[in-house]
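Have a look at the structure below before the remarks.
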Amino acid sequence: MVEISVILPVYNIEDYLSECLESISNQTFEDIEIICIDDGSTDKSLEILKEHSNRDSRIRIIEQENQGAGAARNKALEYAAGKYVYFIDGDDYLELTALEELHDLSIRKGTDFIIFQISNFNDKTKEIIDDDYYNMPYLKAAVGENTFCYEDISKIALDLCVCPPGCFFKRELIKDIRFPEGLLFEDNVFFTHALFKAEKVYFYDKFLYNRRKREDSTTTPITVKSLDTIEISNLLIDLCVRFNHEKHKKELYYRIFNNIYNIFKNADSSQKEELFEKIKKDYLESKDKWENDDYFKDKLNPKYKHMFKCAIKSKNANKFESCVESYNKERKIKRLMDKIL
């Protein structure tokens with residue numbers, strides 16, 4: 001059995017792919033398989049994969065029609081034979097000792113998975129971008145050198161960095177976990193499921209992965225896909241119910257209503273009608289589920305319940321925004337009057 005399965009989804013990254021592949025092939029830990037899923041690339045990515053596979057027999061190429069990173073990773077997991085699984089993105093690269101260090105740590109600490117630091121750099125200037133989300137000093141402060149589980153960090157569990165290339169998993173842990181397909185932010189569901197399930201996690205206070213920040217990144221612009229937060233948060237609520245961690249519902253409903261409304265409000269006026277239609281559709285689809293949830297019925301912030309009702313009853317984006325803003329204005333006036341009186 002191979003020790004580590006490295007999973008690499010590939011879609012139109014011809015400018016960066018060779019650097020990524022070389023960072024994997026040249027790892028000091030050699031007992032690996034490299035499963036590359038070409039997700040319907042239309043550039044020279046597949047050609048580059050084949051060139052590298054001719055030089056490294058550990059590289060396996062699987063082709064599929066474009067379905068997104070989640071589906072590509074899921075496909076690779078069907079073929080993964082390693083005792084450990086590591087996910088990498090094709091426009092980034094790994095420090096050459098990374099897999100050796102992570103493998104040794106996992107054995108020494110007996111972990112289900114390891115979380116480690118990610119270094120972000122500007123694609124054009126190569127300047128390092130300091131980012132506490134990826135540095136995770138708050139996690140270091142909470143756990144130090146100790147292994148931990150969800151219960152040890154429950155207060156910050158939904159605030160952790162959920163970038164798959166910043167994790168090193170034991171395959172046994174994730175054998176029944178998959179990424180939601182066709183959605184942005186799918187990493188959140190996979191990572192949270194693994195965290196809820198794991199008994200021993202370790203935070204490795206070291207930068208082993210180099211993440212490229214580029215202007216054409218799929219996470220940058222506001223589009224209707226940004227509203228996938230609604231469906232992702234619904235899936236996270238389901239996980240919280242399944243694992244009896246329902247205290248996180250407050251944060252998840254905050255994302256569903258407050259964060260979604262902020263996306264809508266800050267969008268260009270030309271986008272708002274499309275965004276509103278998507279919000280209304282998703283809220284209507286979740287209406288029965290939410291209205292049968294005790295937290296939604298009894299504890300949800302009235303402001304968010306009003307946003308929900310505004311979306312359901314409004315006929316267009318202007319009416320939705322007017323409905324929400326008039327309520328916000330009334331609340332602001334009431335707070336001012338309460339102070340005066």
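The values are calculated or read from the model by the stated rules, or taken from the named source; none is laboratory data. A quick note: this is a predicted structure, and the numbers were derived from the prediction, not measured. Note that we place each Cβ from the backbone using ideal geometry, even for glycine, and neighbour counts take in every protein chain shown.
Applying the selection to region 176-197, what residues are in contact (Cβ under 8 Å) with a residue 60 or more places away in the chain, on the phi < 0 side of the Ramachandran plot and assigned to a loop (DSSP other than H, G, I, E, B)? Residues satisfying the conditions are Arg178, Phe179, Pro180, Glu181, Leu183, Glu186.
So which residues in region 113-143 are assigned to a helix (DSSP H, G or I) and either exposed (fewer than 13 other Cβ atoms within 10 Å of the Cβ) or among the small types (Gly, Ala, Ser) (or both), if there are any at all? Explain how you work it out, then say what you get.
To start, the set of residues in region 113-143 that are assigned to a helix (DSSP H, G or I) comprises 132-135, 137-143.
Listed by number, the residues that qualify are Asp132, Pro137, Ala141, Ala142.
Just for region 109-134: of the residues that are polar (S, T, N, Q) and modelled with pLDDT of 95 or more, which one is nearest to Asn188 (Cα to Cα)? The residue in question is Gln117.
Which one of these is in the same structural domain as Ser119 (by TED's automatic domain parsing), at pLDDT 95 or above and in contact with a Phe, Trp or Tyr (Cβ under 9 Å, 6 or more places away or on another chain): Phe243, Phe179?
Details: Phe243 fails: in the same structural domain as Ser119 (by TED's automatic domain parsing).
Answer to the selection: Phe179.
Test Ile35 against the criterion of being of a type in the set (A, V, I, L, M), farther than 22 Å from Gly82 by Cα and either part of a loop (DSSP other than H, G, I, E, B) or at pLDDT 95 or above (or both), and give yes or no.
On the way: of a type in the set (A, V, I, L, M): yes; farther than 22 Å from Gly82 by Cα: no; either part of a loop (DSSP other than H, G, I, E, B) or at pLDDT 95 or above (or both): yes.
No, not satisfied.
For region 103-128, a residue qualifies if it is out of contact with any Asp or Glu (no Cβ under 9 Å at 6 or more places or on another chain), within 16 Å of Gly166 (Cα to Cα) and aliphatic (A, V, I, L, M), and the qualifying residues are Leu105, Ile114, Ile115.
Checked against (1) part of a loop (DSSP other than H, G, I, E, B); (2) in contact with a Cys (Cβ under 7 Å, 6 or more places away or on another chain); (3) not β-branched (Val, Ile, Thr), Asn146 passes all but condition (2). For region 150-158, the criterion of being surrounded by fewer than 17 Cβ atoms within 10 Å (Cβ to Cβ), in the same structural domain as Thr28 (by TED's automatic domain parsing) and either in a strand (DSSP E or B) or in contact with a Lys or Arg (Cβ under 7 Å, 6 or more places away or on another chain) (or both) is satisfied by no residue at all.
Consider region 271-302 and keep the residues that are buried (at least 18 other Cβ atoms within 10 Å of the Cβ) and among the aliphatic types (A, V, I, L, M). The one that is farthest from Cys323 (Cα to Cα) is Leu300. Checked against the criterion of being of a type in the set (Lys, Arg) and either within 24 Å of Ile115 (Cβ to Cβ) or part of a loop (DSSP other than H, G, I, E, B) (or both), the candidates Arg60, Arg73 yield just one match: Arg73.
In the set (1) in contact with a Phe, Trp or Tyr (Cβ under 6 Å, 6 or more places away or on another chain); (2) without any contact (Cβ under 8 Å) to a residue 40 or more places away in the chain, Asn210 fails one condition alone, (2).
Regarding region 37-45, can at least one residue be identified that is surrounded by 21 or more Cβ atoms within 10 Å (Cβ to Cβ) and among the β-branched types (Val, Ile, Thr)? Looking through region 37-45, at least one residue is surrounded by 21 or more Cβ atoms within 10 Å (Cβ to Cβ) and among the β-branched types (Val, Ile, Thr).
Filtering region 8-24 to residues that are aliphatic (A, V, I, L, M) and within 12 Å of Ile59 (Cβ to Cβ) leaves Leu8, Val10, Leu17, Leu21, Ile24.
Residues in region 26-76 that are closer than 24 Å to Ala98 by Cα, of a type outside the set (Asp, Glu) and touching a helix residue (DSSP H, G or I) at 6+ places or on another chain (Cβ under 6 Å): 11 in all.
One residue is enough: does region 114-121 have a residue meeting the conditions in contact with a helix residue (DSSP H, G or I) (Cβ under 7 Å, 6 or more places away or on another chain) and aromatic (Phe, Trp, Tyr)? Spell out the reasoning first.
Step one: filter region 114-121 for residues in contact with a helix residue (DSSP H, G or I) (Cβ under 7 Å, 6 or more places away or on another chain), giving 114-118, 120.
Next, only the ones that are aromatic (Phe, Trp, Tyr) stay: 116.
Scanning region 114-121, I find at least one residue that is in contact with a helix residue (DSSP H, G or I) (Cβ under 7 Å, 6 or more places away or on another chain) and aromatic (Phe, Trp, Tyr), so the answer is yes.
Here Asn54 qualifies as over 21 Å from the mean Cα position of the chain (by Cα), at pLDDT 95 or above and either under 25 Å from Ile107 (Cβ atoms) or not hydroxyl-bearing (Ser, Thr, Tyr) (or both).
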